[in-house]
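The values are calculated or read from the model by the stated rules, or taken from the named source; none is laboratory data. Computed from a predicted model, the values in this text were never measured in an experiment. When we count neighbours, we look across all protein chains shown, and the Cβ atoms used for this are built from the backbone with ideal geometry, even at glycine. Quick note on the areas: whole protein, heavy atoms, side chains included, nothing else; ligands and nucleic acids left out. Shrake-Rupley method; radii C 1.70, N 1.55, O 1.52, S 1.80 Å.
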Amino acid sequence: MRLVLMGPPGAGKGTQAPAIKDKYCICHLATGDMLRAQVAKKTPLGREAKKIMDAGGLVSDEIMVNMIKNELDNNKECKNGFILDGFPRTVTQAEKLDEMLSTNSTPLKHAIELQIDDALLVARITGRLVHPASGRSYHKLFNPPKKNMTDDVTGEPLIQRSDDNEATLTKRLTTYHQQTTPVVQYYQKTGIWKPIDASQEPGQVWKSLLNIFEGKQ
Ligand code: AP5
Ligand code: ZN
């Protein structure tokens, strides 16, 4: 199964993707996590990306397309399929993805849009805690870790992302509406676009996803 998971910051892409990955044995490619790994390693790309991410903008299409192409060509975990989380974010990225997939005759099956009002996202983003090494996310109120500020699996400390503040969120939302809403419209013209109400609690969102995967929606 090959799918794109779309939605604004805090919609629940990173919360739902690991369960999809485990159920269907496919890879989870989260471009934000990949960029944050570069930031942590202080590579030249990481240094440049950090400035852009903290300003709520987008890293260049060329860099992002090459990053995804490299994974799809070389990551063995992606042979069964993939979940793209945070990519494509511009129409150019969507077109380049289509080109890559048509070369391999491996088209997308679903382009799922997690729909939610901006007003609900402030609380989600400002309360989020993440385990940087795995990308696992928690929430101070909605999904607290078992032990204060530590990852349930490794016991390592949880952190807040540097872009998870109200001011940067406002910019990330503006960028989403300007640059990524056209990507949603791009997929709406195909037969693979499927919307989900992402304001539901996480278990309900999961059920809506399963309905799509089982062909009930
Ligand atoms: P990225 O890391 O992709 O950030 P984002 O798109 O802003 O999305 P988030 O990770 O904030 O949200 P999410 O939907 O994963 O939410 P989550 O499940 O964690 O990108 C970061 C930056 O990198 C971009 O701004 C850009 O600069 C750059 N970048 C990345 N990809 C790029 C690309 N392709 N091109 C160019 N630049 C790119 O949930 C959030 C919180 O809510 C959590 O605390 C969670 O526990 C909670 N929660 C989740 N679901 C629910 C629910 N149903 N009910 C209640 N709480 C919930
Ligand atoms: Zn995410």
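The mean sequence separation of alpha-carbon pairs under 8 Å and at least six residues apart, normalised by the residue count of the range 1-158, gives a relative contact order of 33 percent. Between Q16, L173, T150, the Cα set farthest toward the positive side of the dipole of the chain (charges on each charged residue's Cβ, about the Cα centre) is that of T150. If R0 is 22 Å, the Cβ-Cβ spacing of Q185 and L141 corresponds to a FRET efficiency of close to 0.05. Solvent exposure of the range 56-126, expressed per residue, is 49 Å² of accessible area, with all protein chains present and a 1.4 angstrom probe. Please report the spacing between the Cα centers of the range 1-46 and the range 111-170 in Å, no decimals. After rounding, the separation between the Cα centres reads 13 Å. Does the chain classify as rounded, prolate or oblate by the C-alpha gyration tensor (a ≥ b ≥ c root eigenvalues; a/c under 1.5 gives rounded; else a/b over b/c gives prolate, otherwise oblate)? Rounded is the answer for the chain, as its axis ratio a/c remains below 1.5.
Helical content of the chain, expressed as a calculated mean residue ellipticity at 222 nm, amounts to -13500 deg cm²/dmol (DSSP H runs of 4 or more residues, -39,500 (n - 2.57) each, divided by residue number, nearest 500). Comparing T126, T90, T43 in a Gaussian network model of the chain (Cα springs below 10 Å), the most mobile by mean-square fluctuation is T43. Cysteine residues of the chain whose C-beta has no other cysteine C-beta under 4.7 angstrom: C25. Label 7 Å along Cα→Cβ of L101; the range 164-195 residues with amide nitrogen under 16 Å? Hits in the range 164-195 for L101 at 16 Å: 183-195.
Compared with the direct C-alpha span, the chain from I192 to L45 gains 49.6 nm at full extension, assuming 0.36 nm per residue.
In plain terms, the chain from N80 to K207 could stretch by 43.5 nm, reckoned as 0.36 nm per residue minus the Cα-Cα distance. Net length available on complete extension from A167 to E214 is 13.0 nm, with 0.36 nm assigned per residue and the Cα-Cα distance removed.
With all pairs of different C-alpha atoms in the average, the Kirkwood value for the hydrodynamic radius of the range 1-75 is 13.6 Å. If you plug the beta carbon distance of D54 and C25 into 1/(1 + (r/R0)^6) with R0 = 25 Å, you get a FRET efficiency near 0.10. Overall, the accessible surface of the chain at a probe of 1.4 angstrom is composed of carbon and sulfur to the extent of 53 percent. The H on the amide N of R2, modeled in the peptide plane, is under 5 Å from the matching H of F82, K109, H110, each at least 5 residues off or on a different chain.
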